[in-house]
Number of protein chains: 2
Amino acid sequence: MTGEAHSPFIRKLSAFVVLSESELAVLARLHRRRRTFAAGQDMVHQGQSAQTAYILSAGWVCSYKIQPDGARQIVDFQVPGDFLGLRSVLLRTSDHSFEPIVDIEAVEVLAHDLLDAFAQTPRLATAILWAASRDEAMVVEHLVGIGRRDAGARMAHFLLELGSRLALVGMGSKKGFDCPLTQYHLADTLGLSAVHVNRVLRQLREHALVTFRNGRVSFHDYEGLVKLAEFDPAYLDQAGPLLK
Amino acid sequence: MTGEAHSPFIRKLSAFVVLSESELAVLARLHRRRRTFAAGQDMVHQGQSAQTAYILSAGWVCSYKIQPDGARQIVDFQVPGDFLGLRSVLLRTSDHSFEPIVDIEAVEVLAHDLLDAFAQTPRLATAILWAASRDEAMVVEHLVGIGRRDAGARMAHFLLELGSRLALVGMGSKKGFDCPLTQYHLADTLGLSAVHVNRVLRQLREHALVTFRNGRVSFHDYEGLVKLAEFDPAYLDQAGPLLK
DNA sequence: CGAGTAGTTGATTGTATTCAAAAATAGTGG
DNA sequence: CCACTATTTTTGAATACAATCAACTACTCG
């Protein structure tokens, strides 16, 4: 073991490619500009032209879109190790906003440095393409949930997915996990009203499946919840490096 | 002009990177295995481990997920020039299915050849990452639509987006476009029942906004429709090559 | 011409939303 | 430590939107 642990981001990419010394060096060079952001203050705003992306080191962020009528749809959450704003850089303007849910720590990556890194190390580009695909798979699953699951199954599925993601980085288990989200976050994520979120949570609690309270999600009947949500974690699984 | 036109795929990538002769050669090598598929016969099935991706040359395809209870959610449509199954290759199993809507023509790309191509030409990897980002932006917009737009706005937005995409490849205009989809496709795309799709289409028709009939979408009041859908095509725009 | 597919409509049921307001909780400054 | 404010959570009642059930029409294909 080295004295300094790899960043969660590098740990995540390593699940897909075995990174060489020189690739690690290129990655390390991307990791210079450490930044912090306060909870609630948007890091990137929808419509803004984006020259920088971020790699999240600590804390939770959500990415969302605001509609002209003011309705908000949260698209995804980022937890440590997740990339943030890659799409904004490639498409040159951000089609969505990023809001830190809590105070966070992130590494700033300039568009130019990122494209340079891709040019130097194609395997790194492939690895990041893999990570982007995994994120897209989550968005797709989210889409399916909103389109074709009822409110209860949707909520159950969301909590299970979040639990699985956090378990991968050691921040949760089948017992539960700490969760800084409010019921408004859940509503804007699941396409429900905050009031209805509250009712659905009560039902899940009354059926002794899961409790969401005081910043903590506690699974009481994990298997029952999996059954209700028809949760199949296949799309999250990492089956070992594809690129040796 | 050359005797043979570039494939729509190459035309699309060129919007992002200026491709060199050697990069075009690598792309050409990917374009060998031409295949055809009959309408309705799934090309790739959910859960199947995937070693091949496709580049669509002609026809329409939809990608969808089936839920354990039988409900179907269409995630996206592919039109000529679109990549198909990239995610399946990188994640090694397909989390969704592909169904040709009409008889189609596609180029088969082996996982191995694709990863090789990335290793040889990092700019190509970046270009494909760009295309994937653009696709993801559409999925995200779709998610927002299902989560936060009512049935009418959802339908209007979908038809406008499809029109814009087709206009980019010369297959539609602000007058309308030919469309082989059934109302069942629309229902499974928008998260509605087929019956409700029918009602919504009738309302749009009665308000003289748009007609969907006989395999043809006709815009009668394009601006009115844009207003109803709050359609902002920014996420589809291509503002010229980022990589020179 | 019958069978099948796609589209159309009405009536009814149910789910989720909205509006309104009270109760619990967290944070702040005196 | 307590009063005060702002969030967040909880509940009730009325309403709106979309689903389901059940026919019925139009069109295509063998």
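The values are calculated or read from the model by the stated rules, or taken from the named source; none is laboratory data. Predicted model only: the values in this text are computed from it and were never measured. So basically every Cβ, Gly included, is an ideal-geometry build from the backbone, and we count neighbours across all protein chains shown. Side chains are part of the model used for accessible areas, which takes the heavy atoms of the whole protein and leaves out ligands, DNA and RNA. Shrake-Rupley method; radii C 1.70, N 1.55, O 1.52, S 1.80 Å.
Annotations for the structure displayed:
- Note, ³J(HN,Hα) from phi for segment A:25-40, Karplus 6.51, -1.76, 1.60, rounded to Hz, x at Gly and Pro: 5, 4, 4, 4, 5, 6, 8, 6, 6, 6, 9, 10, 9, 8, 3, x
- For B:V195, the label point sits 7 Å beyond Cα toward Cβ; its separations from the matching points on the remaining copies run 2.7 nm, from shortest to longest.
- Charge tally in the Cβ shell below 9 Å around B:R72, where Lys, Arg are +1 and Asp, Glu are -1, B:R72 excluded: +1
- Set of segment B:60-93 residues, backbone N closer than 19 Å to the point 7 Å along the Cα-Cβ line of B:A38: B:60-62
- As a fraction of the 1.4 Å probe accessible area of chain B, surface on carbon and sulfur atoms comes out at 51 percent.
- Residues whose amide H lies under 5 Å from that of A:V109, counting only those 5 or more places away or on a different chain, are A:A53, A:Y54, A:I55; hydrogens are built 1.01 Å from N in the peptide plane.
- Using alpha-carbon coordinates, inclination of helix A:151-168 to the longest axis of chain A, degrees: 40
- The orientation-averaged projection of the convex hull spanning the C-alpha atoms of the protein assembly as shown amounts to 22.8 square nanometres.
- Base-10 log of normalised Debye intensity for segment A:149-236 (one unit scatterer per alpha-carbon) at q = 0.16, 0.18 Å⁻¹: -0.56, -0.72
- Estimated from the Cβ-Cβ distance and a Förster radius of 22 angstrom, the FRET efficiency linking B:S49 and A:R11 is about 0.30.
- Amide H to amide H, with H built 1.01 Å from N, B:G47 comes under 5 Å of B:S94, B:D95, B:H96, counting only residues 5 or more places away or on other chains.
- Candidate residues A:H31, B:H6, A:H207: accessible-area rank, largest first, probe 1.4 Å: A:H207, B:H6, A:H31
- Ascending list, in nanometres, of distances separating the A:L24 label from those of the other copies (7 Å, Cα toward Cβ): 4.2
- These residues, B:L115, B:L168, go from largest to smallest accessible area, 1.4 Å probe, as B:L168, B:L115.
- If you run the Gaussian network model on chain B, springs between alpha carbon atoms under 10 Å, then out of B:D178, B:D69, B:D221 the most flexible one is B:D69.
- Listed values for segment A:223-233 are Karplus-derived 3J(HN,Hα) couplings in whole Hz (6.51 cos²θ - 1.76 cosθ + 1.60, θ = phi - 60°), namely 5, x, 5, 4, 5, 4, 7, 6, 7, 10, x, and x replaces Gly and Pro.
- Accessible area per residue for chain A, computed on protein heavy atoms with a 1.4 Å probe, is 41 Å².
- Each of A:K244 and B:D178 was given a label point 7 Å from its Cα along the Cα-to-Cβ line. The distance between the two points is 4.9 nm.
- Between the alpha-carbon centres of segment A:1-79 and segment A:92-148 there is a gap of 7 Å.
- Using a 1.4 angstrom probe on protein heavy atoms only, the contact between A and B buries about 4700 square angstrom of accessible area, both sides summed.
- Whole-Hz couplings from phi, Karplus 6.51/-1.76/1.60, listed for segment B:43-55; x for Gly and Pro: 7, 9, 10, 2, x, 5, 7, 10, 10, 10, 10, 9, 10
- In nanometres and ascending order, the distances from the B:E230 label point to those of the other copies are 3.0 (point 7 Å from Cα along Cα→Cβ).
- Interface residues in segment A:96-118 - accessible area drops by 40 Å² or more relative to the isolated chain, probe 1.4 Å: A:L115, A:F118
- Principal-axis tilt of helix A:194-206 within chain A, Cα atoms, nearest 10 degrees: 70
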